[in-house]
Amino acid sequence: MAEPTNKGPGRVLVAIYGVFALSAGARASVQIASKFREAPLAFTLSALAALVYIVATVALARSSATARRVAVAAVAFELVGVLAVGTASLLDKDAFPDATVWSGFGQGYGYVPLVLPFVGLFWLWRTSRRDPVASATAPKD
């Protein structure tokens with residue numbers, strides 16, 4: 001059986017995702033409410049990032065098989081998003097006149113948005129493996 005994703009270091013990961021969900025959501029809300037016309041693409045991507053962080057937080061906080069699949073999908077989407085938006089924001093600065101969470105690979109957040117999906121995917125992989133000790137001592141059918 002797989003280890004729970006929300007135990008041990010997983011609790012810290014859930015907390016970090018929660019903080020990013022709140023900060024990205026707050027940032028997107030303020031940007032969209034106050035100056036959406038200035039950078040609609042960037043601000044929409046900020047809202048998308050917030051949504052991805054919310055989904056990842058909830059999925060990582062649960063330990064069911066379905067939640068694990070949702071977490072893998074959300075964190076993988078996050079990785080693709082941060083790489084795509086990070087690259088696009090460097091190549092086409094006019095499309096990103098204001099920063100998003102994923103602009104410049106998360107530069108405004110200390111590059112945590114770039115590192116976080118790698119850590120999240122590693123944790124999901126690590127906790128998906130069976131415990132060799134428990135497998136060895138489990139009764140055979």
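So what does Leu41 come to for accessible area, using a 1.4 Å probe and Å² rounded to 10?
Leu41 exposes around 90 Å² with every protein chain in place.
Based on Cβ point charges of +1 for Lys and Arg and -1 for Asp and Glu, what charge dipole magnitude is obtained for the chain about its Cα centre, in debye rounded to the nearest 20?
Dipole magnitude for the chain comes out near 440 debye.
Using θ = phi - 60° and the Karplus relation 6.51 cos²θ - 1.76 cosθ + 1.60, list the HN-Hα couplings for the stretch 43-54 in order, rounded to whole Hz, with x at every Gly or Pro.
So the Karplus estimates, Gly and Pro as x, are 6, 5, 5, 5, 5, 4, 4, 4, 4, 4, 5, 5 Hz.
For the chain, what is the accessible area per residue in Å² when the probe is 1.4 Å?
Result: 57 Å² of accessible area for each residue.
Give the carbon-plus-sulfur fraction of the accessible surface of the chain in %, rounded to a whole number; probe 1.4 Å, heavy atoms of protein chains only.
That share works out to 69 percent.
With a 1.4 Å probe and all protein chains kept in place, how much accessible area does Arg68 have, in Å² rounded to the nearest 10?
Rounded to the nearest 10, that gives 40 Å².
How much length, in nm to one decimal, is gained on full extension between Arg129 and Val19, taken as 0.36 nm per residue of separation minus their Cα-Cα distance?
Fully extending the segment from Arg129 to Val19 adds 36.9 nm.
The values are calculated or read from the model by the stated rules, or taken from the named source; none is laboratory data. What you see is a predicted model, and the numbers here were worked out from it, not measured in a lab. Glycine also receives a Cβ, built like all others from the backbone with ideal geometry; neighbour counts cover every protein chain displayed. The accessibility values were calculated without ligands, DNA or RNA, using every heavy atom of the protein model including side chains. Shrake-Rupley method; radii C 1.70, N 1.55, O 1.52, S 1.80 Å.
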